[in-house]
Amino acid sequence: MQYHNITTDDMLNGEGLRVVLWVAGCSHACPGCHNPVTWNPDGGLNFDEEAKKEIFDQLDHSYIHGITYSGGDPLYVGNRKEVTKLAREIHERYPQKTQWLYTGYTWDEIKGEQVISFLDVVVDGRYEESQRDTLIPWRGSRNQRVIDVQRSLKAGETICRE
């Protein structure tokens, strides 16, 4: 898996202070995307042990609320295995930290993926430039949903947070 950046002390991509992993690779190519440089799955840097250590060093801080996976698309086919592996390891090592994931896929397309069981929130759906809204929290367009993953899995229906 390739990645473009690891952002620390982020307050825009989920609740609380977070570390954000910006992965490379996205097949959605949404018009107006704020991060098209991340679309190429071969762009950026190789996600290696040093990058993972950087994330864990941040998660070791008690003031860091959790991790957010963004990109690109963390659920781009070429990223799924590595993102799942990382999410599992973080879930086991830092059970009190939350894990958010942004994807252009819809909840119905991904709710069966293995990684979902390790996540707390998924922001789903392609960015729709015609529905852009800078006043709504944690999403770029009104069609996107902030899904409470664990409550949705237990209820067997999509439960959104606002």
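The values are calculated or read from the model by the stated rules, or taken from the named source; none is laboratory data. Everything quoted here is computed from the prediction, not taken from an experiment. Here the Cβ is made from the backbone with ideal geometry for all residues, glycine too, and neighbour counts use every protein chain on show.
In table form, for the structure just shown:
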| read-out | value |
| --- | --- |
| Tabulated pairs, segment 133-162, first in contact (Cβ under 8 Å) with a residue 40 or more places away in the chain, second aliphatic (A, V, I, L, M) and assigned to a loop (DSSP other than H, G, I, E, B), C-beta under 6 angstrom, 6+ apart or interchain | SER152/ILE159 |
| Options TYR102, TYR69; residue that is aromatic (Phe, Trp, Tyr), within 26 Å of GLY156 (Cβ to Cβ) and touching a helix residue (DSSP H, G or I) at 6+ places or on another chain (Cβ under 8 Å) | TYR69 |
| Criterion violated by ASP10 - all others in (1) under 23 Å from SER141 (Cα atoms); (2) touching a His at 6+ places or on another chain (Cβ under 9 Å) satisfied | (2) |
| Condition check for GLN114: over 21 Å from ASN35 (Cα atoms), in contact with a helix residue (DSSP H, G or I) (Cβ under 7 Å, 6 or more places away or on another chain) and at pLDDT 95 or above | yes |
